[in-house]
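The values are calculated or read from the model by the stated rules, or taken from the named source; none is laboratory data. All values reported here derive from a predicted model rather than from experimental measurement. Backbone-built Cβ (ideal geometry, glycine too); neighbour counts: all protein chains shown.
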């Protein structure tokens, strides 16, 4: 258990990257970890589009910021950007989600994104999950069908600076036994 806690502590949102290429072997290992992630009814409602071609990666990066909102400028530094595309769930997961009013593919994509980021951290790589991007432009750049949704973009690369101290709520603020208090 200590190993996992150490890994969870190691993972952080990286916003400065070295100009070092990420080895395909490491990317493949990350994707293998994602392949093993659980999902509702084993739907595995995801597909990863890995962008490591510099010209294309820069175009995708530019979709995450605009002339007024420049908070994602760091994305251009990342040598790899990965689009997490939501795929159709199995019919059982779709029916179950409808009955229970739960969006299982969204939950499943959150789980697999965590697997992605934790495996990357274990390999010495940094990541940052992005929800702010121009989905229509990314779909066009990566030939993703209009009918699909992109859950997240994830930056990937070697961190350019040392880890920060994590600031988290106390256990008492996030946890109770036997009932919400």
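Here are some residues: 161, 169, 137, 165. Which one is under 21 Å from residue 73 (Cβ atoms) and part of a loop (DSSP other than H, G, I, E, B)?
161
Taken over the stretch 75-105, the criterion of being assigned to a helix (DSSP H, G or I) and surrounded by fewer than 14 Cβ atoms within 10 Å (Cβ to Cβ) is satisfied by 91, 92, 95, 98, 99, 100.
Take the residues in the stretch 1-27 that are free of Cβ contacts under 8 Å to residues at least 24 places away in the same chain and outside any helix (DSSP H, G or I), then tell me which one is farthest from residue 71 (Cα to Cα). So the residue we want is 1. Every listed requirement among (1) closer than 24 Å to residue 54 by Cα; (2) surrounded by 10 or more Cβ atoms within 10 Å (Cβ to Cβ) is met by residue 148 save one, (1). Residue 115 falls short on exactly one of the conditions (1) at pLDDT 95 or above; (2) surrounded by fewer than 16 Cβ atoms within 10 Å (Cβ to Cβ), and that condition is (2). The set of residues in the stretch 48-70 that are assigned to a loop (DSSP other than H, G, I, E, B), surrounded by fewer than 13 Cβ atoms within 10 Å (Cβ to Cβ) and modelled with pLDDT of 95 or more contains only 53.
Looking across 169, 137, 165, one residue alone is in contact (Cβ under 8 Å) with a residue 60 or more places away in the chain and surrounded by fewer than 17 Cβ atoms within 10 Å (Cβ to Cβ). It is 137. With the structure loaded, tell me whether residue 24 is out of contact with any helix residue (DSSP H, G or I) (no Cβ under 9 Å at 6 or more places or on another chain) and either more than 19 Å from residue 108 (Cα to Cα) or crowded, with 16+ Cβ neighbours inside 10 Å (or both) or whether it fails that test. Yes: the conditions hold for residue 24.
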